[in-house]
1. If residue 424 passes every condition in (1) part of a helix (DSSP H, G or I); (2) within 17 Å of residue 247 (Cβ to Cβ); (3) modelled with pLDDT of 75 or more but one, which one does it miss?
2. If only one of 274, 239 is under 14 Å from the mean Cα position of the chain (by Cα) and modelled with pLDDT of 90 or more, which one is it?
3. Considering only helices (runs of 4 or more DSSP H) fully contained in segment 149-258, which possess at least 3 residues that are surrounded by fewer than 24 Cβ atoms within 10 Å (Cβ to Cβ)?
4. Tell me which helices (runs of 4 or more DSSP H) are completely within segment 1-120 and hold 2 or more residues being surrounded by 24 or more Cβ atoms within 10 Å (Cβ to Cβ) and at pLDDT below 85, or say none if there are none.
5. Does segment 402-413 contain any residue that is in a loop (DSSP other than H, G, I, E, B), modelled with pLDDT under 80 and in contact with a helix residue (DSSP H, G or I) (Cβ under 8 Å, 6 or more places away or on another chain)?
6. Quick check on this structure: which one of 286, 331, 264, 337 is more than 18 Å from residue 197 (Cβ to Cβ), in contact with a helix residue (DSSP H, G or I) (Cβ under 6 Å, 6 or more places away or on another chain), modelled with pLDDT of 85 or more and surrounded by 24 or more Cβ atoms within 10 Å (Cβ to Cβ)?
7. Just to check your reading of the model, which residue among 344, 309, 349 is modelled with pLDDT under 90 and buried (at least 24 other Cβ atoms within 10 Å of the Cβ)?
């Protein structure tokens, strides 16, 4: 049961005893909903735009948040290793898959007012609830480590020591929590996430061959020669777009924002816009490193080294923007991913879990959020920690962890008892089933590549 639901239950119980208790969370969310109600009561384009502004947030945040440090490094490695050919339309397709998945979380959160981990706990039992939360927590923690790697490497381009880079990142993360208000936290994080689009002007500085780019998009060139490296990049790019934390975060954020079934249409717009912006930034990262195709070994490069390698191509200013883009990607993702872990813990442990809570009312929520981030930041300071290999493998781990989370999502969004008339239609179920099958197949292929690498060497010779 969500913190909001707990508050509602408490109100009803206490009302029978002639006493009503209204929590800090209730008041903050009521203020947000009052503005939405007022905007919905007006007519005209201006009122519609204001309503959209009030309701967008979780979708854009989850998509730009997924354009995190390891994701942008994965896209950079893709451009440097394979150029523009096959992978630009492939990456755009993965964001289409992300829209299909995340739209289901919007409907689920708006209809049930429950977070993803909480619903799994209630509908499938405590074992699967704790399993999903622990699975998410492990994956999130590994990903958080890579976010701080990206921040450290990006600021390293400017000569910032590793310890100082980590402190800057933690300071930004903790500052975003200071308002104890979901709305303010969301707007601050959205402002930071907007800097992910910096990869678009950086790509323009590389003067890409637009004819080749257009030809790649229209014709979708064949897959490069099949090998373990090709498979790793494919899985890494999928894991850079669709990951378990996204399900948990957007559904919980939808609940924390107080969205209802009337708001689902705006939630869909929010998600599609977020995917379009994130896809543009991802393609930008591929385009900016495409001139390095055949000139570097992408497997040995990290954020700062990519920026240094790009300096002769796009100049010092462009390389600096590339490094700053990596820093932004890591910071925004560290904020959203640590929040996702805190939401999931609160939902399963039945503890208050909302960004509208002051610290004294949400101690466990804020403790999980801050401790996860601080521990991951500390690990990044270990000398000799491999970088690009770690971030690529973490993306692949995300692919392997995705199918179970998708199965739970698929079952929940088709549960008539909880979906209040917004159950998935047949065409949406068909799309969702296709995504589940594709992601599961990707995980199986990666497992085979580890167990029997000779199979893929043989396939590459065909």
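The values are calculated or read from the model by the stated rules, or taken from the named source; none is laboratory data. This is a predicted model, so every value here is computed, not measured. When we count neighbours, we look across all protein chains shown, and the Cβ atoms used for this are built from the backbone with ideal geometry, even at glycine.
1. (1)
2. Residue meeting the stated conditions: 274.
3. 162-176, 182-193, 199-205, 210-219, 228-239
4. Working: elements: 3-15, 24-40, 45-55, 58-66, 69-82, 87-112.
Filter on segment 1-120 gives 69-82.
5. No; the residues of segment 402-413 include none that is in a loop (DSSP other than H, G, I, E, B), modelled with pLDDT under 80 and in contact with a helix residue (DSSP H, G or I) (Cβ under 8 Å, 6 or more places away or on another chain).
6. 337
7. Being modelled with pLDDT under 90 and buried (at least 24 other Cβ atoms within 10 Å of the Cβ) holds for just one of 344, 309, 349, which is 344.
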